[in-house]
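The values are calculated or read from the model by the stated rules, or taken from the named source; none is laboratory data. Since the structure is predicted, the reported quantities are computational estimates derived from the model, not experimental observations. Note that each Cβ is placed from the backbone with ideal geometry, even for glycine, and that neighbours are counted across all protein chains shown. Note: areas computed on protein heavy atoms with side chains; ligands, DNA, RNA excluded. Shrake-Rupley method; radii C 1.70, N 1.55, O 1.52, S 1.80 Å.
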Amino acid sequence: MPNGTDPLVRRTAKRLRGWGGVAAMAVACGLTASLTLLPLAQDGGGAAAAPRTAGPGVGTGVQVKADTCEHPEASLTPSSADGPSIRAVKDRGKLIVGVDQSSYRWGYRNPEKGVLEGFDIDLARAIAKDILGDPEAIIFRTIPTNQRIAALNSGKVDLVVRTMTINCKRIEQVAFSTAYFQAGQQVLAPKLDKGITGYDSSLRGKRICTAEGSTAYDALEENSFGAVFKDEADGTKDDKDLLTVPNQLDCLARLQMGEVDAVVTDNALAAGQAAQDPAVELKGRPFTEEYYGVAAKLGNDDLVRRVNQVLVGYRQGPWQKAYKDWLAKDLPGIAGPPAPLYK
């Protein structure tokens, strides 16, 4: 769970909708001094933008202090106004998005069609359609997990839509949209291995694979339960990429070859891997609460606000369709997207 997050506020925010729900949450949690209603979005220049649309799964959000990390998933208020980042995209005629091509159901290359598909791909196309009027006006650039932030900061991509968890460390490096999906870290291991029961002491002495730069690696650094999860030369030219790998799917390959005993990753990704390989399964329960956001370069506020405006409408129908198309079979029981928080 991201540092400083109040689980009660998060759980309550997900269940409440609309103006009344936000007010009730503030009263119930005793937060009326710091959480306030937002009647209008503001564009990058401070002018009032169009009111946000209310509807199922939308919520109006709550305001949080911008100089703290109490709620890292809080983002800028939505706006359709064009700023320098949006104008640059329009002048180019293409939105450049960093994605995955190996995460089944999220961002993967369909071998029969030869195209990228998945939940994240649908969202990226929705953003391109809103900005440029065409869901095909998009350039996909596949980037490994550990290069997501570098790709944004170098200008290689405009956005990253790649199951990227919002947390306190990352909001210092990139700007996030409001959360569009909730996940949690979980253990993936062979079904026949009954000795591994979850993220607990059963991992002692086990070889665990994670992706470099992932929140799973951070979790193991904080408490590994005696597991072996670091390569001897991590982060150097001699790194063998055995336990810490550039792409999360590499961990499934290591597991299949018997080079590691288990994988720690987001349950949303692990569910897709279990669907690919019936010999593996999720063990125990998720042990964190994480939120995915669309990432942009710090300072590109108009682009972040535009993505948040897209997400207002996306939560009212397209999100549910994408979930049904890509995730419901392998990750059932999710009622809807997280309610947005604004700062």
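In this structure, does ILE166 turn out to be open to solvent by less than 20 Å² (accessible area, probe 1.4 Å) and either small (Gly, Ala, Ser) or more than 21 Å from TYR342 (Cβ to Cβ) (or both)? No. Would it be correct to say that ALA339 is in a loop (DSSP other than H, G, I, E, B) and aliphatic (A, V, I, L, M)? Spelling it out, ALA339 is indeed in a loop (DSSP other than H, G, I, E, B) and aliphatic (A, V, I, L, M). A single entry from GLY198, GLY205 fulfils the requirement of being part of a loop (DSSP other than H, G, I, E, B), within 17 Å of ASN267 (Cα to Cα) and at pLDDT 95 or above: GLY198. For the stretch 65-181, the strands (runs of 3 or more DSSP E) that sit wholly inside it and include 1 or more residues that are of a type in the set (A, V, I, L, M, F, W, C), at pLDDT 95 or above and farther than 18 Å from GLY293 by Cα are 115-117, 138-142.
Do we have ASP277 as touching a Lys or Arg at 6+ places or on another chain (Cβ under 6 Å), of a type in the set (D, E, K, R) and modelled with pLDDT under 95 here?
no
Only one entry of SER102, SER85 meets the criterion of being surrounded by fewer than 24 Cβ atoms within 10 Å (Cβ to Cβ), farther than 15 Å from ARG306 by Cβ and in contact with a helix residue (DSSP H, G or I) (Cβ under 9 Å, 6 or more places away or on another chain), and that entry is SER102. Candidates are the residues of the stretch 274-319 that are polar (S, T, N, Q) and closer than 13 Å to ALA126 by Cβ; the one that is nearest to the chain's Cα centre (by Cα) is ASN308. When residues of the stretch 215-237 are filtered for being under 24 Å from TYR292 (Cα atoms) and out of contact with any strand residue (DSSP E or B) (no Cβ under 7 Å at 6 or more places or on another chain), how many remain? Summing the residues that are under 24 Å from TYR292 (Cα atoms) and out of contact with any strand residue (DSSP E or B) (no Cβ under 7 Å at 6 or more places or on another chain) in the stretch 215-237 gives 5.
Just a yes or no: is a residue in the stretch 299-308 of a type in the set (Gly, Ala, Ser) and over 28 Å from ALA150 (Cα atoms)? Looking for residues that are of a type in the set (Gly, Ala, Ser) and over 28 Å from ALA150 (Cα atoms), one finds none in the stretch 299-308, hence no. Checking each residue of the stretch 82-94 against the condition of being of a type outside the set (Phe, Trp, Tyr) and under 18 Å from the mean Cα position of the chain (by Cα) gives no match.
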